[in-house]
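Structure first, commentary second.
The values are calculated or read from the model by the stated rules, or taken from the named source; none is laboratory data. What you see is a predicted model, and the numbers here were worked out from it, not measured in a lab. Every residue, glycine among them, receives a Cβ derived from its backbone with ideal geometry; neighbour counts consider all protein chains shown. To get the accessible areas, we keep the full protein, side chains included, count just its heavy atoms, and leave off ligands, DNA and RNA. Shrake-Rupley method; radii C 1.70, N 1.55, O 1.52, S 1.80 Å.
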Amino acid sequence: MTNAIEVRALERDFGDRKALAGVTFEVREGEAFGLLGPNGGGKSTLFRILATLLPPTRGSALVMGHDVTREPAEVRRQIGVVFQSTSTDKKLTAMENLLYQGAMYGMSGEALRSRATELLARFGVLDRAKDYCEKLSGGLRRRVEIAKGMLHGPKVLMLDEPSSGLDVGARRELREVLAGLKKDGTTVLLTTHFMEEANVCDRVAILDRGKVVALGKPESLCAESGQDVIRVRAKDPEKLRAAVASKFGATATVFDHELRIERSQGHEFVPQLVESFPGQVEAVTVSKPTLEDVFIRRTGRAFTE
């Protein structure tokens, strides 16, 4: 399978701070690929480099075979970009936003209007084509922005934190749009700090402090430990952590004032835990690992720290 994006040993320095520290990965054609990480992890810097908005300090990045540093104009012909901050003109209608975008790409006439109509229909906003964007909800405006990004038929669609500022319902609708793009075979690269959004992707690279700490299919990364995750709310989680380690030999950590334990057959361990420390355990949950748990396992830190 041909690679749409190839990143090799990419670094970016801002003075003494290293925003990217040797990042390497590939995105295959037709793949939905997520860059997942906390704020400050390096994903937005990486996005800006791939969008030709920021040069790398060292390393290389290719988009559809074109170097982002030496061939930025060629890269821009290959990509559609949806930025984190809204890019629709609120004083134009949804249709006018697309027509204006198309004109900047040299499109015109019936071909442009037909393409704009097709995309507004595809993303479920054709019935609002004549509405000013300032009247649209955040979720609908995001759909118009994705339609703008797809207007010129790019090989790769890049989205930077597409769910930023959206409510829960709009985020769910956006995940459905992303799933549709993946089904159509569009190559999608997105940055996100929402786990549910990353789960829509074929593969994810988890970034932390400028490095890739995990790379693979979401389901494979989550299943790699083969254990359940037990979260315990306790009156004194640090005291309980030491007691659990002493009695059961289990490695436990405290994140967000909760005790976190990874253990096989978690549902069998919970009764032992509660019976061993009566009065100390206030609540217990048992679940399969998530991408957040993968991050904790690889970094030793909570995703929100």
Legend entry - Residue list for region 2-30, filter: part of a loop (DSSP other than H, G, I, E, B) and either among the charged types (D, E, K, R) or on the phi < 0 side of the Ramachandran plot (or both): Thr2, Asp16, Glu29
Inset, instruction - Quick one: in region 12-62, of everything that is touching a residue at least 40 places away in the same chain (Cβ under 8 Å) and of a type in the set (Asp, Glu), which residue is surrounded by the most Cβ atoms within 10 Å (Cβ to Cβ)? - result: Glu31
Inset, instruction - Could you tell me which numbered condition Phe194 fails, if it satisfies all but one of (1) open to solvent by 20 Å² or more (accessible area, probe 1.4 Å); (2) closer than 19 Å to Arg301 by Cβ; (3) in contact (Cβ under 8 Å) with a residue 40 or more places away in the chain? - result: (3)
Inset, instruction - Evaluate the following for Arg143: is it under 30 Å from Met195 (Cβ atoms), open to solvent by 30 Å² or more (accessible area, probe 1.4 Å) and part of a helix (DSSP H, G or I)? - result: yes
Legend entry - Residue ID - nearest to Met95 (Cα to Cα), chosen from residues in region 127-140 that are surrounded by fewer than 19 Cβ atoms within 10 Å (Cβ to Cβ) and of a type in the set (Lys, Arg): Lys130
Legend entry - Residues located in region 205-228, provided they are surrounded by fewer than 19 Cβ atoms within 10 Å (Cβ to Cβ) and more than 27 Å from Gly40 (Cα to Cα): Gly226, Gln227
Legend entry - Among (1) closer than 24 Å to Asp184 by Cα; (2) out of contact with any Ser or Thr (no Cβ under 8 Å at 6 or more places or on another chain); (3) not in a loop (DSSP other than H, G, I, E, B) - the single one Ala103 does not satisfy: (1)
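Based on what the data block shows, is Met107 hydrophobic (A, V, I, L, M, F, W, C), modelled with pLDDT under 95 and surrounded by fewer than 21 Cβ atoms within 10 Å (Cβ to Cβ)? Please lay out each step first, then the result.
On the way: hydrophobic (A, V, I, L, M, F, W, C): yes; modelled with pLDDT under 95: yes; surrounded by fewer than 21 Cβ atoms within 10 Å (Cβ to Cβ): yes.
In short, yes.
In the set Ala205, Ala283, Ala243, which member is assigned to a strand (DSSP E or B) and in contact with a Phe, Trp or Tyr (Cβ under 8 Å, 6 or more places away or on another chain)?
So the residue among Ala205, Ala283, Ala243 that is assigned to a strand (DSSP E or B) and in contact with a Phe, Trp or Tyr (Cβ under 8 Å, 6 or more places away or on another chain) is Ala205.
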Inset, instruction - Considering only residues that are acidic (Asp, Glu) and in a strand (DSSP E or B), look in region 208-233 and name the one that is farthest from Met64 (Cα to Cα). - result: Asp228
Legend entry - Scan of region 212-246 for residues that are touching a residue at least 24 places away in the same chain (Cβ under 8 Å), more than 27 Å from Arg171 (Cβ to Cβ) and in contact with a Leu (Cβ under 9 Å, 6 or more places away or on another chain), ordered by number: Ile230, Val232, Ala234, Leu240, Val244
Inset, instruction - Please verify whether region 166-176 includes one or more residues that are touching a residue at least 24 places away in the same chain (Cβ under 8 Å) and not in a helix (DSSP H, G or I). - result: yes
Legend entry - Residue pairs meeting the criteria (Cβ under 6 Å; at least 6 apart or on separate chains; first β-branched (Val, Ile, Thr), in region 276-300; second open to solvent by 50 Å² or more (accessible area, probe 1.4 Å) and not in a strand (DSSP E or B)): Val281/Val274; Val286/His267
Inset, instruction - Return the residue satisfying two criteria in turn: it lies in region 229-258 and is touching a Pro at 6+ places or on another chain (Cβ under 8 Å) and under 15 Å from Glu292 (Cα atoms), and of such residues it is most open to solvent (accessible area, probe 1.4 Å). - result: Glu258
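Rundown of residues vs (1) in contact with a Cys (Cβ under 8 Å, 6 or more places away or on another chain); (2) within 22 Å of Lys211 (Cβ to Cβ); (3) of a type outside the set (Asp, Glu); (4) modelled with pLDDT of 95 or more, yes/no style:
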| position | (1), (2), (3), (4) |
| --- | --- |
| Leu35 | no, yes, yes, yes |
| Asn39 | no, yes, yes, no |
| Leu54 | no, yes, yes, yes |
| Arg58 | no, yes, yes, yes |
| Val68 | no, yes, yes, yes |
| Ser85 | no, no, yes, no |
Inset, instruction - Collect the residues in region 63-86 that are surrounded by fewer than 17 Cβ atoms within 10 Å (Cβ to Cβ) and among the small types (Gly, Ala, Ser), keeping them in residue-number order. - result: Gly65, Ala73, Ser85
